[in-house]
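Participant: Pasting a structure here, questions to come.
The values are calculated or read from the model by the stated rules, or taken from the named source; none is laboratory data. In this text the structure is predicted, and so the values were computed from the model without any measurement. Neighbour counts run over all protein chains shown; Cβ positions are idealised from the backbone, glycine included. In case anyone asks, the SASA skips ligands and DNA or RNA and just uses the protein heavy atoms, side chains included. Shrake-Rupley method; radii C 1.70, N 1.55, O 1.52, S 1.80 Å.
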Amino acid sequence: MSKLQVEDCHYIQRDPILKQSAAEVSFRQLQQHFKSCPDWSVEDRLAYAEAVYRFCGFGDLPLASFHLPENPENAFQIIEKNSHYGFALRLNYGKRRWAGEHFDLGFAIGALSAVYEAPFAGHLGNRLGDQSLSRGDEQTELWMSQIHIANPDGNIVGTQAIAEVRLPSEAADIPERTVGLHVDEAGIIAAVSGMPLQGDEHGLIREFGVCLTRHYADYYNLVSFRFEAALVNALATHPLLDEMLWYEYPALFYYKEKFAGLQGKDLADTLLIEAGHICGFNTMGGIMRSDPWYQLVVPQLRCREDWLAGIVACINALGWGVWRIHELVPNERLVLRAWYPYESLGYLRSFGRADHPVDYLLTGIGASLMNLLYSADITAKPDLSLEFYYQVNRSKAGFWGRQSACVAMGDPYSEVIVERNVL
């Protein structure tokens, strides 16, 4: 969902952030794997790269059947018939004016660069082709070409250095649960982890009423933090940009009323938290409306507040860290804590220690969980439409989260406090 916030911003170089971040994470993963399989042929490598893409639910990028053209410096095409981003963006936007499969293009760049141990790039200024699934076409065109660089050192797609993360000793002290103890979290985690969440014949994962992926945590991290830095820089150099952003993003126009002094970095942070609101509303809401939820989790629930314990158990099966409900005052206040949160860990690996809280998804999802439970009444299976999202998450009586501790800033855990808006 943070991709949508980046795409909407016309005041930064947004496409390179999306494409380059995807190229880096795919190249890093595949290069490491290929080093462990030195006897693999080019065909073996291509087949593996396609299998990873399909398994993760990204789509059906046809790399296994790919043949490098006689002169790869000339532009060549890769055609994709199914794409997670192509379909998801079309659902979110309707008829789009531009292609949005930047991750697909970036993955292809990283994959081919790792397979052939030579740098590739997108054609025509790293742009996608004229046809794309996200625009309503029957296929997505990815234009590629091989490029030359001087003195290659193995870092052929410009991957950012990854630092070793050292956390304080207290970070290993994860407490036992104190809320909803009759909810079998271990059983829920085992059941969710054991579900066949992998790409189907089209390379897509359709579960819980939504389209999922097994995504790279660092793709989200790199996109989010690079977007934040780029927008903060743009705001510093263009004094009137903050006023223009109010009209660029409807969410900011609403939050302008809530936060009269919202400007500078706070604008970028609010957009990333809004991405967490959207993810929480659609993904967590979708899970809590699904048949597996009603079959596995609902029989264990005794009261409305147990829904939070149940969904946090599901979240703990997703690899986002270890979440705990530290405090819950029904219909008033939620305190969430997360040990090893992937946003903080990603920030530390790529950018070092942070001087501000960076767990935007944790913050946004925390608020959406309270809005889903007490404002939307997710227990009644409401239709999670865009109009309903606006009604629930942007209500002046709704919930808002603020981060009070952050692993990337040196704390042993990250903490988010969610409370009703103060009118």
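Participant: In the stretch 15-127, which helices (runs of 4 or more DSSP H) lie fully inside it and hold 1 or more residues that are more than 19 Å from the chain's Cα centre (by Cα)?
Facilitator: Working: elements: 42-55, 84-93, 102-116, 123-126.
Qualifying helices (runs of 4 or more DSSP H): 42-55, 102-116, 123-126.
Participant: In this structure, does residue 180 turn out to be under 27 Å from residue 411 (Cβ atoms) and buried (at least 18 other Cβ atoms within 10 Å of the Cβ)? I'd like the intermediate steps shown before the answer.
Facilitator: Working: under 27 Å from residue 411 (Cβ atoms): yes; buried (at least 18 other Cβ atoms within 10 Å of the Cβ): yes.
Here the answer is yes, as residue 180 does meet what is asked.
Participant: Answer with yes or no whether residue 362 is within 17 Å of residue 174 (Cβ to Cβ), part of a helix (DSSP H, G or I) and under 17 Å from the mean Cα position of the chain (by Cα). Lay out the reasoning, then the answer.
Facilitator: On the way: within 17 Å of residue 174 (Cβ to Cβ): yes; part of a helix (DSSP H, G or I): yes; under 17 Å from the mean Cα position of the chain (by Cα): yes.
Yes.
Participant: Let me ask you something else. Go through the stretch 392-423 and count every residue that is among the β-branched types (Val, Ile, Thr), modelled with pLDDT under 95 and open to solvent by 10 Å² or more (accessible area, probe 1.4 Å).
Facilitator: 1
Participant: Does residue 342 fit the bill of being surrounded by 14 or more Cβ atoms within 10 Å (Cβ to Cβ), at pLDDT below 90 and among the hydroxyl-bearing types (Ser, Thr, Tyr)?
Facilitator: Details: surrounded by 14 or more Cβ atoms within 10 Å (Cβ to Cβ): yes; at pLDDT below 90: no; among the hydroxyl-bearing types (Ser, Thr, Tyr): yes.
Criteria not met by residue 342.
Participant: Given the options 359, 355, name the one that is closer than 11 Å to residue 414 by Cβ and either among the acidic types (Asp, Glu) or surrounded by fewer than 17 Cβ atoms within 10 Å (Cβ to Cβ) (or both).
Facilitator: Details: 355 fails: closer than 11 Å to residue 414 by Cβ.
Of 359, 355, the one residue that is closer than 11 Å to residue 414 by Cβ and either among the acidic types (Asp, Glu) or surrounded by fewer than 17 Cβ atoms within 10 Å (Cβ to Cβ) (or both) is 359.
Participant: Scan the stretch 362-384 for residues that are among the hydroxyl-bearing types (Ser, Thr, Tyr), surrounded by fewer than 24 Cβ atoms within 10 Å (Cβ to Cβ) and under 15 Å from residue 280 (Cβ atoms) and jot them down. Can you show your working first?
Facilitator: Step one: filter the stretch 362-384 for residues among the hydroxyl-bearing types (Ser, Thr, Tyr), giving 363, 368, 374-375, 379.
Next, from what is left, pick out any that are surrounded by fewer than 24 Cβ atoms within 10 Å (Cβ to Cβ): 374-375, 379.
The answer is 374, 375.
Participant: Does residue 263 fit the bill of being in contact with a helix residue (DSSP H, G or I) (Cβ under 6 Å, 6 or more places away or on another chain), in a loop (DSSP other than H, G, I, E, B) and at pLDDT 85 or above? It would help to see each step written out before you state the result.
Facilitator: Working: in contact with a helix residue (DSSP H, G or I) (Cβ under 6 Å, 6 or more places away or on another chain): yes; in a loop (DSSP other than H, G, I, E, B): yes; at pLDDT 85 or above: no.
Answer is no for this residue.
Participant: Anything in the stretch 128-137 that is over 24 Å from the mean Cα position of the chain (by Cα) and under 10 Å from residue 86 (Cα atoms)? List them, or say none.
Facilitator: Selection gives 137 alone.
Participant: Counting only residues that are touching a residue at least 40 places away in the same chain (Cβ under 8 Å), open to solvent by 30 Å² or more (accessible area, probe 1.4 Å) and not basic (Lys, Arg), how many does the stretch 302-317 have?
Facilitator: Residues in the stretch 302-317 being touching a residue at least 40 places away in the same chain (Cβ under 8 Å), open to solvent by 30 Å² or more (accessible area, probe 1.4 Å) and not basic (Lys, Arg): 1 in total.
Participant: When the residues of the stretch 365-391 are filtered to those that are of a type in the set (S, T, N, Q) and assigned to a helix (DSSP H, G or I), which remaining residue is modelled with the lowest pLDDT? Please lay out each step first, then the result.
Facilitator: First pass over the stretch 365-391, keeping only residues of a type in the set (S, T, N, Q): 368, 371, 375, 379, 385, 391.
Adding the requirement that they be assigned to a helix (DSSP H, G or I) leaves 368, 371, 375, 379, 391.
Values: 368: 95, 371: 95, 375: 93, 379: 96, 391: 87.
Once the filter is applied, the top-ranked residue is 391.
Participant: Output the residue which, of all residues in the stretch 8-62 that are aromatic (Phe, Trp, Tyr) and out of contact with any strand residue (DSSP E or B) (no Cβ under 8 Å at 6 or more places or on another chain), is farthest from residue 79 (Cα to Cα). First the steps, then the outcome.
Facilitator: The first filter runs over the stretch 8-62 and keeps only residues aromatic (Phe, Trp, Tyr), leaving 11, 27, 34, 40, 48, 53, 55, 58.
Narrowing the set further to residues that are out of contact with any strand residue (DSSP E or B) (no Cβ under 8 Å at 6 or more places or on another chain) leaves 11, 27, 34, 40, 48, 55.
Values: 11: 30, 27: 20, 34: 24, 40: 25, 48: 18, 55: 18 Å.
Only one residue tops the list, namely 11.
A quick yes/no check of all residues on (1) surrounded by fewer than 17 Cβ atoms within 10 Å (Cβ to Cβ); (2) at negative phi; (3) in contact with a Phe, Trp or Tyr (Cβ under 8 Å, 6 or more places away or on another chain):
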position: 175; (1), (2), (3): yes, yes, no
position: 192; (1), (2), (3): no, yes, no
position: 199; (1), (2), (3): no, yes, yes
position: 212; (1), (2), (3): no, yes, no
